[in-house]
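Please read the structure below before turning to the comments.
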Amino acid sequence: MNKDSTNKEIPSKYDPSIVEDKWYSYWMDNNYFHSEVDHSKEPFTIVIPPPNVTGVLHMGHMLNNTIQDVLTRRARMQGFNACWVPGTDHASIATEAKVVRKLREEGIKKSDLSRDEFLEHAWEWTHKHGGIILEQLKKLGASCDWDRTSFTMDEKYSDSVIDTFIDLYNKGKIYRGERMINWDPAAFTALSDEEVIHKEVNSKLYHVRYQISDSKDFVIIATTRPETILGDTAVCVHPKDERFTHLHGMKVMVPLVNREVPIIADDYVEMEFGTGCLKVTPAHDVNDYELGQKHKLETINMMNADGTISEEGELYIGMDRFEVRKQIVKDLEEAGNLVKIEEYKNKVGYSERTDVVIEPRLSLQWWVSMKELSQPALENVMNDNIQFHPAKFKNTYRHWMENVKDWCISRQLWWGHRIPAFYFGEGEHDFVVAKTIEEALESARIKSGNPLLQKSDLEQDEDVLDTWFSSWLWPISVFDGFYNKEEVDYYYPTNDLVTAPEIMFFWVARMIIAGYEYRDELPFKNVYYTGIVRDKQGRKMSKSLGNSPDPLELISQYGADGVRMGMLFSTPAGNDLPFDSSICEQGSKFSNKIWNAFRFLTMNMEEGVKYIPTTKIDSNNLADRWMMARIHQTIQGIDEDFKNYKLNDALKKVYSLIWDDFCDWYIELAKPDKYGDKFDINKMNVALGMFEQLMKLLHPFMPFISEEIWQYIQDRKPEEALCIADWPKYDANFDVQADIDLFENLQDIISSLRNIRAEMGISPKEELEVLIKTSANETADKIISNDWILKKLQSMKSIEISSDIKKPGACSSAIVDGNEIYVPLEGLIDTEKEIERIQNEINRIEGWLKGVNRKLNNKNFVDNAPDAVVQNERNKLRDGEANLAKLREQLKDFE
RNA sequence: GGGCGAUUAGCUCAGUUGGUUUAGAGCACCUCGUUUACACCGAGGGGGUCGGGGGUUCGAGUCCCUCAUCGCCCACCA
C-alpha cells in the first residue's frame, strides 16, 4: 500500500452505500461470477430456489440467498469452479391470479378472453414485473452467474417439461382418471394434496333427522356441512352397532329434497362419534366417495366449480355454498328436521394460494403414480447419500415418502405448460399424448383406426401442469440437461441446495425423484434447510400481516454486509430467525469497527513509503506469533464449521477474531510507543498482511467491505480481486499452543490489573508499581522476556517479575494462573474493599474445592473413574489449595 | 389422532461420544472512562438450582422413564 494513494480524510463512519454498488459493478464487469465447463477444475454448483417470476424480495429470500452466497463465495475462493444458477419460476396459480386481478381492475373478465388473448396479457405482465426480484438480489451481493438466468417457461425448459410428461406417460407413470380432488373454487382449479392447508376452525355440528321410509321413526345424522345434504345418496351405520341393526336394508328420506336413499352398513363409521349415523355424499367427500364406490351408490354432483349449487342439487340452485349452509339450516328447522346444533372444532382444508375453503370434488384429472418413482428418493436420503442439515428433517421426509400418494398434476389454468394430450373423441381412451399436433395426428389416426382424421378433429387438453411439475426438473433443466449432455454432465449433481423446509415435499422430494428418474443420480449432495423469518412476536413474516420490513430499505440503512451479517449471526440451520432490525445494527457496527481498524493503520503510514503486506511475522514478537496462531486456529475452526453447515458459528469465529483478538489486542500492541510516532514499516507490513488474511476469511460473509479494504491495502489487478482470491489454508506450524498459552497468561495479568483499577477507582492513566511473584523461575523468565506487552497496555512506574518476591505491605493483589500480582497502593488503598475482594475470591475457591473434595473423598470415584480424570481432580485440589493459601496469607496483612 | 423436535441468563443461542468451569457467547443491563482508529468505542461488573419429577452411574445440562408447556409435520371421525 502506498500512503500517497490513500485519502487522508477517510471518514470515521463507514458508508456502505458508496462502496457496495461500486464493487458489485466491478465484479460483474470482470465476469467473476460466470462459470463455464472447465474439466481442469472441480465444479461447485448451487441452483437457486427459483422465486416467483413476478414476486418481490422478502426476508425469507434474503436469508436464503445470503446463505447460498456465502457457500458460493467460499467455494469460489477455494478454487472450485463455482456456479450459482439464478432464475425464476412461472408460478402458475400465483401469477395467473395476479393477472386476473389486474385485468379485473381494468374491467376485463378472464372469461371474456380467449386463451391466447389471456396469455398475451400474462406475458406482458411477466415481462413488466419479471425479474425485479433478481435485480434486488444483486443489491444483497448475490454472486450468481447471471448469464445462466433461467425461467421455467423458457423454450428449452418448456420442452423438457413436456418431454418429461410424455416420457412418464409412455412409461405408464402418468395416467388420467376421475378421482376425488381438492377443488379451489376461487382459482377454479384442482390442487394437489400439498397445496391444501388444514386449519383448525370453530365449526358447528348439525344434528338432522331423516325420516325412515314406511315408518314413523327417524335416524339422526350429524354433519358439519349441511348443504351437502342435497347430494346425499345414502345413510351409513356401523354393522355392529346394535342401535341400528334393525335398520339394515331399509331406506330413509333425505329431508327437503325428499329423495329416498338406502341405509347401508360399513365399519368405516365410528360408533362413538356424533350419532353413530353418517350421511353419505359420494360426490363431495373423499370418504363418502369410497363408500359410494364400495356400495355402488349414486353420485350427485350438487356443486358448481365456483362453489354455488348446481342444477343437480335441485334446491338453492346458483346460491353460494356458505349462503346455502345458513339457509338450509333455517329450512330444516322449519321443517322440523333440525334436532340440535353443537359447537365443534374441526380441521378444514384451505387453498394454499387463495385461502378459500377447499371443496372435495369428483373430477377427471392427470396423475403421476408416485409409489415406485419415490423408492430411490427415499432410500438415498435415509442412507445419507443426500444429507439433510439439520438431519432431523429426515424423519419428516421419510414419513411423507412412505405414505406418498399419487400426484394430481393438472390445473384448470392457462398460465403454464399446457398438457400435451389431444382428444379425438368423447370416449375415455380417445386421446393421444404427443409433443406436436403433427405427431398427435399420426398417433390418433392409428389409435382411432380412422386414417381420415384431421388436425381440426383434434383438441388439445385445456389444462396446464402443476408448477412443481416443471420445478422438479430445475437442477437438470437449467443446464439444458435433457438435450445437451456436456453441461449437465459437468455441473450435475449440484452440491448444496438451500431452501425452506416448507417446500420439502413440493420441491425437494420431487427433485430427488426426478434426479433418479432422469439422471439416475442424486440432484444435490446436501440440503440446507433454513428457518422461517419471524417478527418479534414470533409470527411468520408475511405480506398480509404487513410485519415484514422492506429488504431494500434495510440494505440502504445498514448496508448489505450489515444485513447479511445480522441474519447469519443468529440462525443456525433449521432454526427460525426472530428478526429484529437490531441484529442488522450489530452488522453495521461490525462494519464500522473493521473500517476504523483499517483507517487507523492508514493514519499511521508515512508519506511516500511503499508498504508491502506480508505474512512473514517477526518471530521474536510474541504478539505476532499469537495473532498468527489465532488466525490459523480460526481457519481450522471455520473449515470444520462449514463442513457441518454451521455458518453462524463460522461467522462468530471470524467476528471474534477480528474484534476481540485483532482490534482489542493486536492493534493495541502494535501501536507505536510514543505519541505522534508512525508505525515501523515492518510492523505495518505485518499488520497489513494479517488484515489481508482477515478480509479473506470475512469475504464470504461480508463481501463488500472486505473487498473495499482489500483493494485499499494494495493496488490490485482485476485478477487479484478478493472475490477470487485463494481461501487461506490452515498451517499447523503457525498454530503453536505454547504461544497462545503464554499470551493468554499475559492477558489475564492485564485483566487483573484492570480489575484492580476498576474496583479501587484508579484511573487508567495512574502509573502503577507492579510486582509479579511467579510460581516458577521458568515462568518468570517467560514473562520478563515479554514484559513489553504488560507495559504497553498498563501505564506503570515499574515492574518486577520473579519467583522470589516479598509481598509489600499495603497493596492490592490478585492471583492469576498461579502467579501473584501485587500492586502497592500506599495511601490509595481502601482496606475494606481489598479485604472484601480477597474474601470473595477465597469464598469462590472454597466453594469450588468443596466439589473437588467431594469427588476425591468418594472411594467409588477414585476407584472407578479413569486415572486421568482422577489426576485432574487432584491437580485442581492442589492448585486450588495453593491459591487459597496465598490468599489467606494476603488477608493476614490486613488484620 | 399419529409422528418429530424443542424447553440452558431479560432476549437469541453454544454446550461434540456423560468427567479440566460450583454452565459459556452475543445482545440487553449496571458502573467507570473523550487513552495515538472506532462512543456504531474501551475497561470492569451483575445475572442461570440447565422446564417439573423420578431413574441409571463413582459422576448427568449431556443417557433412560414420566409429566408439563411450546413448535412443526402428517392424517378421511362426519
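The values are calculated or read from the model by the stated rules, or taken from the named source; none is laboratory data. The structure presented is a predicted model; accordingly, all values stated were derived computationally and were not measured. Methodologically, a virtual Cβ is constructed for each residue, glycine included, from the backbone with ideal geometry; neighbour enumeration extends over all protein chains shown. Just the protein is used for accessible areas: all its heavy atoms, side chains included, with ligands, DNA and RNA removed. Shrake-Rupley method; radii C 1.70, N 1.55, O 1.52, S 1.80 Å.
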>> Within the stretch A:110-139, take every residue that is under 19 Å from A:Gly416 (Cα atoms) and basic (Lys, Arg) and give me the one that is least open to solvent (accessible area, probe 1.4 Å).
In response: A:Arg115
> Which is within 12 Å of RNA strand B (Cβ to nearest atom), aliphatic (A, V, I, L, M) and free of Cβ contacts under 8 Å to residues at least 24 places away in the same chain, of A:Leu849, A:Leu877, A:Leu884, A:Leu856?
Replying inline: A:Leu856
>> Can you go through A:Asn547, A:Asn592 and tell me which one is at pLDDT below 90 and either outside any loop (DSSP other than H, G, I, E, B) or of a type in the set (S, T, N, Q) (or both)?
In response: A:Asn547
> Are any residues in the stretch A:620-675 of a type in the set (A, V, I, L, M), more than 8 Å from RNA strand B (Cβ to nearest atom) and more than 31 Å from the chain's Cα centre (by Cα), and if so, which ones?
Replying inline: A:Leu622, A:Ala623, A:Met627, A:Met628, A:Ala629, A:Leu669, A:Ala670
> When you look at A:Ile783, is it within 22 Å of A:Lys674 (Cβ to Cβ), open to solvent by less than 30 Å² (accessible area, probe 1.4 Å) and in contact (Cβ under 8 Å) with a residue 12 or more places away in the chain, yes or no?
Replying inline: no
>> Here is a list: A:Gly761, A:Gly818. Which entry is within 26 Å of A:Arg878 (Cα to Cα), of a type outside the set (S, T, N, Q) and within 13 Å of RNA strand B (Cβ to nearest atom)?
In response: A:Gly818
> Which of the following residues is buried (at least 16 other Cβ atoms within 10 Å of the Cβ), free of Cβ contacts under 8 Å to residues at least 40 places away in the same chain and of a type outside the set (D, E, K, R): A:Leu722, A:Leu697?
Replying inline: A:Leu722
> Which residue, of A:Lys807, A:Lys792, is more than 10 Å from RNA strand B (Cβ to nearest atom), basic (Lys, Arg), surrounded by 15 or more Cβ atoms within 10 Å (Cβ to Cβ) and touching a residue at least 40 places away in the same chain (Cβ under 8 Å)?
Replying inline: A:Lys807
> Among the candidates A:Asn733, A:Asn755, which residue alone is polar (S, T, N, Q), free of Cβ contacts under 8 Å to residues at least 60 places away in the same chain and in a loop (DSSP other than H, G, I, E, B)?
Replying inline: A:Asn733
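Here's the yes/no breakdown for (1) at pLDDT below 90; (2) within 34 Å of the chain's Cα centre (by Cα); (3) more than 16 Å from RNA strand B (Cβ to nearest atom):
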site	(1), (2), (3)
A:Thr164	no, yes, yes
A:Leu168	no, yes, yes
A:Gly172	no, no, yes
A:Asp184	no, yes, yes
A:Val196	no, yes, no
A:Lys199	yes, yes, no
A:Gln211	no, no, yes
>> Of everything in the stretch A:859-874, what is open to solvent by 70 Å² or more (accessible area, probe 1.4 Å), more than 7 Å from RNA strand B (Cβ to nearest atom) and under 25 Å from A:Lys886 (Cβ atoms)? Give them in sequence order.
In response: A:Gln871, A:Arg874
> So which residues in the stretch A:538-552 are open to solvent by 60 Å² or more (accessible area, probe 1.4 Å), over 14 Å from A:Asp576 (Cα atoms) and within 16 Å of RNA strand B (Cβ to nearest atom), if there are any at all?
Replying inline: A:Ser544, A:Leu545
> Among all residue pairs at least 6 apart or on different chains, which show Cβ distances below 9 Å where the first residue, located in the stretch A:379-408, is under 30 Å from A:Tyr175 (Cα atoms) and the second is of a type in the set (Lys, Arg) and surrounded by 18 or more Cβ atoms within 10 Å (Cβ to Cβ)?
Replying inline: A:Trp407/A:Arg510
>> Residue under question is A:Tyr730, and the condition is that it be more than 12 Å from RNA strand B (Cβ to nearest atom), open to solvent by 10 Å² or more (accessible area, probe 1.4 Å) and under 30 Å from the mean Cα position of the chain (by Cα); does it hold?
In response: yes
> Got a number for residues in the stretch A:475-487 being closer than 15 Å to A:Gly87 by Cβ and not polar (S, T, N, Q)?
Replying inline: 7
> Scanning for something of a type outside the set (A, V, I, L, M, F, W, C) and without any contact (Cβ under 8 Å) to a residue 60 or more places away in the chain, does the stretch A:66-81 turn up at least one residue?
Replying inline: yes
> Can you find a residue in the stretch A:679-689 that is at negative phi, within 14 Å of RNA strand B (Cβ to nearest atom) and in a loop (DSSP other than H, G, I, E, B)?
Replying inline: yes
> Applying the selection to the stretch A:150-189, what residues are in a helix (DSSP H, G or I) and among the polar types (S, T, N, Q)?
Replying inline: A:Ser158, A:Ser160, A:Thr164, A:Asn170
> For A:Asp576, which of the numbered conditions (1) open to solvent by 50 Å² or more (accessible area, probe 1.4 Å); (2) at pLDDT 85 or above; (3) within 14 Å of RNA strand B (Cβ to nearest atom) fails to hold?
Replying inline: (2)
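Residue-by-condition table, conditions (1) open to solvent by 10 Å² or more (accessible area, probe 1.4 Å); (2) in contact (Cβ under 8 Å) with a residue 40 or more places away in the chain; (3) within 12 Å of RNA strand B (Cβ to nearest atom):
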{"residue": "A:Thr223", "(1), (2), (3)": "yes, yes, yes"}
{"residue": "A:Thr228", "(1), (2), (3)": "no, yes, yes"}
{"residue": "A:Ala234", "(1), (2), (3)": "no, yes, no"}
{"residue": "A:Glu242", "(1), (2), (3)": "yes, no, no"}
{"residue": "A:Leu256", "(1), (2), (3)": "yes, yes, no"}
{"residue": "A:Pro262", "(1), (2), (3)": "yes, no, no"}
{"residue": "A:Met271", "(1), (2), (3)": "yes, no, yes"}
{"residue": "A:Ala283", "(1), (2), (3)": "no, yes, no"}
{"residue": "A:Leu291", "(1), (2), (3)": "no, yes, yes"}
> Applying the selection to the stretch A:8-62, what residues are touching a His at 6+ places or on another chain (Cβ under 8 Å) and either more than 25 Å from A:Val563 (Cα to Cα) or hydrophobic (A, V, I, L, M, F, W, C) (or both)?
Replying inline: A:Val53
> Hey, among A:Arg625, A:Arg630, which residue is touching a helix residue (DSSP H, G or I) at 6+ places or on another chain (Cβ under 6 Å), open to solvent by 60 Å² or more (accessible area, probe 1.4 Å) and within 16 Å of A:Phe743 (Cβ to Cβ)?
Replying inline: A:Arg625
> What pairs come up if the first residue lies in the stretch A:340-360 and is of a type in the set (S, T, N, Q), the second is in a strand (DSSP E or B) and within 11 Å of RNA strand B (Cβ to nearest atom), and their beta carbons are under 9 Å apart, counting only those six or more places apart or on different chains?
Replying inline: A:Asn346/A:Glu200; A:Asn346/A:Val201; A:Asn346/A:Ser203; A:Asn346/A:Leu205; A:Ser351/A:Asn182; A:Ser351/A:Val196; A:Ser351/A:Ile197
>> Is it the case, given these coordinates, that A:Asn777 is without any contact (Cβ under 8 Å) to a residue 60 or more places away in the chain, within 30 Å of A:Glu707 (Cβ to Cβ), open to solvent by 30 Å² or more (accessible area, probe 1.4 Å) and more than 14 Å from RNA strand B (Cβ to nearest atom)?
In response: no
> Can you tell me which residue in the stretch A:353-372 is most open to solvent (accessible area, probe 1.4 Å), limited to those that are under 25 Å from A:Asn301 (Cα atoms) and of a type in the set (Ser, Thr, Tyr)?
Replying inline: A:Thr354
> What number goes with the only condition from (1) open to solvent by less than 60 Å² (accessible area, probe 1.4 Å); (2) farther than 21 Å from A:Ile772 by Cα; (3) more than 8 Å from RNA strand B (Cβ to nearest atom) that A:Gln890 does not pass?
Replying inline: (2)
